[in-house]
Every structure is written in structure tokens, then in C-alpha cells.
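Accompanying notes for the structure given below.
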């Protein structure tokens, strides 16, 4: 850093900037400092009390559904080092010495010129006798979650004290640990801050339907030894509740002790008092996030914290961005239930406000509008059960857009007349689309004018929708609308022969039962083209026909459709020879078969290499030798590995519980089962699987299209991962499946992918382009929201039942073997293929 | 096939291809030769053949596009089997299609397209594959080279 500073344009002396706290807001400030070149003037040191670097606390409950500290982390492990910021995790600040301008930790004293407090908040534990018993925990940090997980191991029941937002999150986490879960709330309804009594009642119904017991108006008097369980909670009416585990989530309090101790101004009910520049009563010290008290308010959401971080950056760099308060509107999905709250949702801050309410007790939806006395402006709104209109209402609210003549139409069911949604065209340029990164519609338009041509481009430049993700749908509609307005028309035709996407062609083939390419192009090809097709549509059609009917790809009608790799069932290399990859399911191979591979490679002078997918690749096979090579391999019990096809490649596995000390399931056995089930499935692109026998993940399953990780109770399924050019972590899709459930879920997932993806679209890209994302995918596959699962099951069963080894089929058919001749009129091999020797093997000269 | 029969086929070919012959058979060292039969071909795709020509040996890619009705409007094309972009002999193993109305083959290695008629590369105007006259004589396939 010192060298960098000396050579930088800024000749001023480098100042020491210390940030206390490495939570979401503290980390955001670091990002702002890095992105805005502030490291030229500040040498930044960050102290984090926790041992982990900053992570996503908003999605903390996903820790129990398979995400780990690394995947929740907000940056790559080397981000701080690469950026030149010193991050000291696991080092708590114990004192701020304002006179010496130093912070003190148990490891030393550190001088500062400017100091930022981003210490956040801590969970409030009510002063109940017995609240410090073993197994009485809080829900705030990853370490808290580890403690909850450890305590849950010997528990069957769990109670969350507190029915607010975080309490319901915690309840979700306990459910994720398979505990019988109850929520105890002091108030007369759940989420008293966000919803009214009607909304709260609906919320209670829905949450109880999920098997979570809800106890309202209960004040816990004491916690003592239980009879059937570890603890007994005694309430004000002497009723009792027994449970093994208690999590307190009764609100948060600002972590302002350091500030109190050094004499900074503190609010009556806590919080470090800051002004619009986020400056505390000591101008050398700033405070941001949940520890900061601005205008008598603490902001317990991440978006206002980010806005404070931006104001702090501005203060540190003499800019003029200020913090002017923040909208606390919020859209949540708690235990799968939508809850939305906008502005003055209770209607108690605006005298004369009028309210509209809509309650559907059957569908369990509740919507409420708070409008100004003249009925023209939206002052607030409340949603329970369905957040579908949240985005529209938020735009009316935050942009002061005049309401329609019948405001109630905004919350009435869509089947009735006139339910106007506020189109993206109606939004003003100043409308905030993404509040996490403060991106307006105007910013998006500017990005498009600067050359962004799609959603991904806009996201890359503006970061919109990369925070909490709540604005994804709105962002897409704005981008689409603006692109259209600029005359950008995206032609989705697969090629000049068909005015259809791959998905549309798939539907045509399936619905009309078309079995050949010639029939397809005859009936549905473009009028003004010839009827040959091309190297785009023919392989795509071949793949679709194979997915639907699974006839051998070497049949006469299909041969001209295939790429050379599929035609000759081997992978063409740069000199016109082929590589041969027999299937080695799960990477398990007997010594006898290994010997056969060696003998064949030796006999036909093949270069041999172990692949990344736990198979053996034999290179340099001449076209005319392929049938002989395969006759020998098939005689030894091998079958084709489909390395040439857009189809299942390998199922990589670790050795699993059979040998490994740590394995909890037989991962090799499962890998072999899966590989044999899905081998031969033709798909839009290649598919790779991985199966790990325990959470150590030695099979790297989370980088595969389908990843499976063993648990004590069965299998966790991850989907849509990728290695290669654009690595992507697979996402957790379902947990603790038994073998049958696992097959069924993968069947449906794969068939839905085969049916709807574009040609040459891996699952990762398909997933990123899927409207509705992972949640939609889960609805389709796990909840059958489209009602197609029976059909997907049948289709997959057809593919499984009709599998045959294409090479076994080909070598028994002289007609098919005719193609494997170097020349139709001469037996000589191609004399221009020349090999040379390197490291004891042959390679192309 | 007897020598007499062969001579007769050649005469027929000359008649059938009289127009083409004037353009292509102008050099003295070319002659029509039989390379294979219709059974050796793969409809809407290619096969490779070894050709001894007056200029030395050549590897030829033969493409066969059957007409819409049996035996009528069949088309044959003979192009260099050698792919100038990869220097491998693979053109016969490419996918046949049509682009902008003209039949083409896509090289299986780097996917450049070549017109079956004339051998012009669509991606690089400076590249053109050699072509040969080719015709059916009954069920036999004959090439002038």
C-alpha cells in the first residue's frame, strides 16, 4: 500500500481509516471506497469480531438448507487482500481512545485519522429467569447458527421467542433442522410492526398450516427444567410449554457500547447519534448501519444501511451525498408466506388518511391501501399472502404517482375488471428500481443508451438486482420496455430455416408426433428457404427427436442431421482422427477392464489420458479403426460413453461410505445408479453430475449441472452449477431426499430442462434466463405448478426404457458400418495423418 | 464391367455433360473414372473417395442430395476432402445444409461453410475448395479427374 500511495497522483499524506465491523454495511463501505478510488488517500483497516469475512445475513436461514459460510460470503476470499484493504477478522475492538485517536484490541493499539463504526446490532434477550440455560440461544451470526445446529442434534422440539420478522426467519431455520417448531409472541399478532390484526390473523393461519405452532399474547415468566423435554417455559397465566431448544429473537438493539464508553452522543433508547453526513458528535468518527441513530430512528434493513455507507464515503471524500432518511418499505417471504409493507402501512401517521381493504379467506390473501384524503396519493400499503402487486404499489408510493380513479382496483383480484398494473413506461426517470444499489430508471436508460443490449448487460453495469434481488421482475420489465422503445427486436429464430426457438420446435415435435427432420421442415420450415436445413437446426432437431423418441441416432433418417461426432460416435480431433471414451460409470472400473483399455490402446496406437470426469480417453483412433476398437471394447463389457453427444457425460463420485472414514452414504453406488439411469438422454447441451458421500464434497458436485451431496438422512440435491468458462455454484434444490425421491426429482428437472432450454444452453445459463428463477423451478418440479410432472415422468421413463448402446447397435449392422471407411473406393488409410512421439506416446505431428 | 460397356458409359456421360465438358474437361490429362456406386453414398450427406488424377492423387468428398421423387432431380457434388483451415481431410464428414438458398457443407472442425456448387467458402472469400465434375451413370458414380 505504501508504494502504491507514493506513486499515486494524490500527493497528500495517506490517512489511516479504521472501520469497526465487517457486516453487510461495513463491507459495502469498503466496496464503495475501493470502487471510488478512495484508497489513494486512505489506508483502510477493517476489524471484524467474527471469524468469517462479511456474509449475507439476509439469507442466513439458508445456512441450514445447505449453504455454507463461503457461499454466503459477500466477496471472494482474496477480495480485501487484492484491493489493498487490511481485514482483521476474529479481532474485537475493546476500546476507542479518542484523545490518542487509537482503537484498542486484545492484540494492540491502532492509530486512526478517521474512524467508522459499523458494529450493527445484537439480539435482545428478554430478562427472563433461566434465559441463560444451556440450549437458550440467539439467531444473529453464523456462530449462533452453529450453536443452534449443535443443540438441535439432541432435540426434537424448538421454540422461538418473538414473532417478528427475524423470529419467523429463525422459526424457518428450526424447521430446516427438522424440529417441531413453535413461535411465542408477546403481542396479539405476528409481525406487529408490519401488519394489522386482519393481516396478522391470516399470517398466523398460513404459518400454522406449515406445522409451526403459534402462541400469541404470551409473556414468558421463567424457564426451568422440563419433564419430557429439556426446558419448560412458564407463561404469565401459568400455562407451560416444554421444549428442547429456545431461540430468542425479540428484537435487536444497537451495539453502541464502544461509543458509550468513549463518550459519543447516544440516543435515549440507544444508538449512536449521527447527522446527514453520518458524522457522530466527534467529527473524526462516523457511524453507519444499525448502530446509527438518525433523526431518532434506527434503520434495521440493509438498504438504508447501504445508503448510509454511500453518505459516509461522500463525507470521507468531501462529496455532497447525504443521508436523508430511508423508506422502510419491505417485501418479504417468511416461511414461504409473502408479506409486504409500504410506507405508512398502518395508516396512523397521516391524519385523514383513508383505507381500502381486500380480504380473501379462501385464497388467504389480504391487501390494504392507505390513501390521502383526496384519494389521489398512496401513503402506504400492506400485503399478506401475495406480493404480486407490491412493485406497482411501491412505484405509486415512492414516486407520488397519481392513483387511478378507483384506487381499489389496484388490490382487487385480477379476474375482475380494470386491474391496472403500472407499466414500466409510466414510471418517471427518477423512479428507483433497485433500492439496494440505488439504481433509477434513468440510470438504466443511460446504460442502454451507452450500449447495453440485454438484462445481463444492464445488471453488469448498474449492479441493479444484485443486492436482495427483490426488484428482478421489475428490472426485467423496465429493460425489456426500454429496449423495445429503442427498436431493439430480439429475433429468437433458431436459424434461417425455422422461425421458431428450440423450445417451440420441441413442442411442435412432441405435440404433432413428428419423427423425422424432413417432415419437420416440410411442415414447419420457412417457405422461402431450401429444404436441407443447416448445421444449426439439424443437430438441434436430432437432439429433440432423440429426447422425444430415442431412436438410434445412427438410423438412416437421422444420420445426416448429426455433427460428425454423433455420426461416428467419437470425438473428432484437430487432425481428423477421433478420441474414444467408453463409459466408466461413477469412475469405478475393475482391473480386468483397465487391462482391456490398455491392450486396445496399445494395439491401435492410441494416446491415453485420464479425463476430469473420471474416465479414460483414447486419442488418435482412425475412422476405419473405430468399429474394430469398439468390437473389442464391447466384448469386454464396455459401452459407449456418449462423450461425443449433447447428453449425459459422467457422474463423478468420491469413494463414499464404503471406504471413507467420513462418508455417510454410498456415493459410488448412487453415482452408478444415476449414470446408468440417464445415459443416452439427448439434451440441449452436455450434462455432468457429481455425487459426494459427505459434506466435504470431494466430488465437486456443486460445480455440476446436477450435484448430489450425502446427508445423514439421505441426499441433498443441487442444480445448475457449472465449471468451465463461467463457473457457477449449483444451488440447493431439495434436501434429505431418499433414493426414489432423488430419481423422481432429477427426472423431472432434466426433462423440464430438455423441454425448455435453447440449443447449446447449459443448465446454468438456462437457469439464469429462467423467469422466476430458482423459486419458479422449484414450483414446477417440486410442486407441479404447471401440472406436467406426470408427462415429464412418462417421457423420462420412455428414454430410460429405450436405451441401447449406440455402438453395440452399429457394429451389428453392416449397413451402418459402411460409413466407417476412409475411402469408399480404396482400403488404404488416410496417408496424410502423421503422428510423432512424445513422452512415450503418439501425438499429431 | 467389360471394356466395351465402359466405353459406352463414357460416351453417354460425354453426351449428358456436353455443356459441362466444354468448361471443365479442357485439359488433356483429365478422364472420367468410376469411383463407386449409389449404394456407397449417404443421402443428404457425404463420403470420401480416393482419386488418381493426371495431377496426382486426390481425396474427394462426394455429396448426394436425392431429388424429391425417386430417381428424379438427384444432385451430386464432388469437392476437395481437404479442409484448408485445419489441414485435415474431413470435409466429407461435415453437415450438409443450405444457406441463403445454396447448398453448403460445414467443416466438422472449425465449422466454415463451403458451397457444394463451386466450393466457395462463405466465411473467407479468398478460400475456395477444388471441385470435380461428377455424374451418375445408372447406379454408378463417375468423376472427371
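The values are calculated or read from the model by the stated rules, or taken from the named source; none is laboratory data. These figures come from a predicted structure and were not determined experimentally. Cβ atoms come from the backbone with ideal geometry, glycine included; neighbour counts cover every protein chain shown.
Among the residues of region A:381-413, the one identified as touching a strand residue (DSSP E or B) at 6+ places or on another chain (Cβ under 7 Å) and at positive phi is A:385.
Is it true that residue A:487 is modelled with pLDDT of 80 or more and either more than 30 Å from residue A:651 (Cα to Cα) or away from chain B (no Cβ under 14 Å) (or both)? No: the conditions fail for residue A:487. Screening residue B:32 on (1) modelled with pLDDT of 85 or more; (2) surrounded by fewer than 19 Cβ atoms within 10 Å (Cβ to Cβ); (3) farther than 20 Å from residue A:577 by Cα shows it passes everything except condition (2).
If you go through region A:797-817 and keep only what is exposed (fewer than 14 other Cβ atoms within 10 Å of the Cβ) and either in contact with a helix residue (DSSP H, G or I) (Cβ under 7 Å, 6 or more places away or on another chain) or assigned to a loop (DSSP other than H, G, I, E, B) (or both), you end up with A:802, A:804, A:812, A:813. Checked against the criterion of being out of contact with any strand residue (DSSP E or B) (no Cβ under 9 Å at 6 or more places or on another chain), assigned to a loop (DSSP other than H, G, I, E, B) and at pLDDT 90 or above, region A:259-266 has at least one qualifying residue.
Scanning region B:90-112 for residues that are within 7 Å of chain A (Cβ to nearest Cβ), outside any loop (DSSP other than H, G, I, E, B) and surrounded by 23 or more Cβ atoms within 10 Å (Cβ to Cβ) yields B:93, B:95, B:96, B:97, B:106.
Taken over region A:643-692, the criterion of being outside any strand (DSSP E or B), at pLDDT below 95 and under 25 Å from the mean Cα position of the chain (by Cα) is satisfied by A:683, A:684, A:685, A:686.
Among what's in region A:546-571 and is under 14 Å from residue A:754 (Cα atoms) and buried (at least 24 other Cβ atoms within 10 Å of the Cβ), pick the residue that is nearest to the other protein chains (Cβ to nearest Cβ). Looking at the filtered set, the residue picked out is A:546.
The set of residues from region A:192-214 being buried (at least 23 other Cβ atoms within 10 Å of the Cβ) and part of a loop (DSSP other than H, G, I, E, B) comprises A:194, A:195. Checking each residue in region A:348-364 for being touching a strand residue (DSSP E or B) at 6+ places or on another chain (Cβ under 7 Å) and under 14 Å from residue A:412 (Cα atoms) picks out A:355, A:356, A:357, A:358, A:359.
Among the residues here, residue A:521 does not qualify as within 14 Å of chain B (Cβ to nearest Cβ) and at pLDDT below 85. Please tell me if residue A:715 is more than 15 Å from residue A:614 (Cβ to Cβ) and surrounded by fewer than 18 Cβ atoms within 10 Å (Cβ to Cβ). Against the criterion (more than 15 Å from residue A:614 (Cβ to Cβ) and surrounded by fewer than 18 Cβ atoms within 10 Å (Cβ to Cβ)), residue A:715 does not qualify.
Of all residues in region B:46-75, those satisfying the criterion of being within 11 Å of another protein chain (Cβ to nearest Cβ), over 18 Å from residue A:829 (Cα atoms) and surrounded by fewer than 23 Cβ atoms within 10 Å (Cβ to Cβ) are B:64, B:65, B:66, B:68, B:75. Surrounded by 14 or more Cβ atoms within 10 Å (Cβ to Cβ) and assigned to a helix (DSSP H, G or I): is that true of residue A:760 in this structure? In short, no.
Counting only strands (runs of 3 or more DSSP E) wholly contained in region A:54-117, the ones carrying 2 or more residues that are touching a helix residue (DSSP H, G or I) at 6+ places or on another chain (Cβ under 8 Å) and more than 21 Å from residue A:283 (Cα to Cα) occupy A:86-89. For region A:277-289, indicate whether the set of residues that are assigned to a helix (DSSP H, G or I), within 33 Å of the chain's Cα centre (by Cα) and outside the structural domain of residue A:193 (by TED's automatic domain parsing) is non-empty. Checked region A:277-289: at least one residue is assigned to a helix (DSSP H, G or I), within 33 Å of the chain's Cα centre (by Cα) and outside the structural domain of residue A:193 (by TED's automatic domain parsing).
Residue count for region A:241-255 under the criterion of being crowded, with 24+ Cβ neighbours inside 10 Å and part of a loop (DSSP other than H, G, I, E, B): the result is 2.
Exactly one residue among A:586, A:576 is surrounded by 21 or more Cβ atoms within 10 Å (Cβ to Cβ), outside the structural domain of residue A:509 (by TED's automatic domain parsing), in contact with a strand residue (DSSP E or B) (Cβ under 6 Å, 6 or more places away or on another chain) and assigned to a helix (DSSP H, G or I), and that residue is A:586. The set of residues in region B:113-145 that are within 10 Å of the chain's Cα centre (by Cα), without any contact (Cβ under 8 Å) to a residue 60 or more places away in the chain and outside any loop (DSSP other than H, G, I, E, B) contains only B:131.
Of all residues in region A:814-835, those satisfying the criterion of being out of contact with any strand residue (DSSP E or B) (no Cβ under 6 Å at 6 or more places or on another chain) and more than 9 Å from chain B (Cβ to nearest Cβ) are A:814, A:815, A:816, A:817, A:820, A:827, A:829, A:834.
Here is a yes/no grid of residues against (1) at pLDDT 90 or above; (2) in a loop (DSSP other than H, G, I, E, B); (3) surrounded by fewer than 18 Cβ atoms within 10 Å (Cβ to Cβ):
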residue	(1), (2), (3)
A:327	no, yes, yes
A:347	no, yes, no
A:370	yes, no, no
A:391	no, no, no
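Of all residues in region A:836-845, exactly one satisfies the criterion of being in contact with a strand residue (DSSP E or B) (Cβ under 6 Å, 6 or more places away or on another chain) and either at pLDDT below 90 or part of a loop (DSSP other than H, G, I, E, B) (or both), namely A:845.
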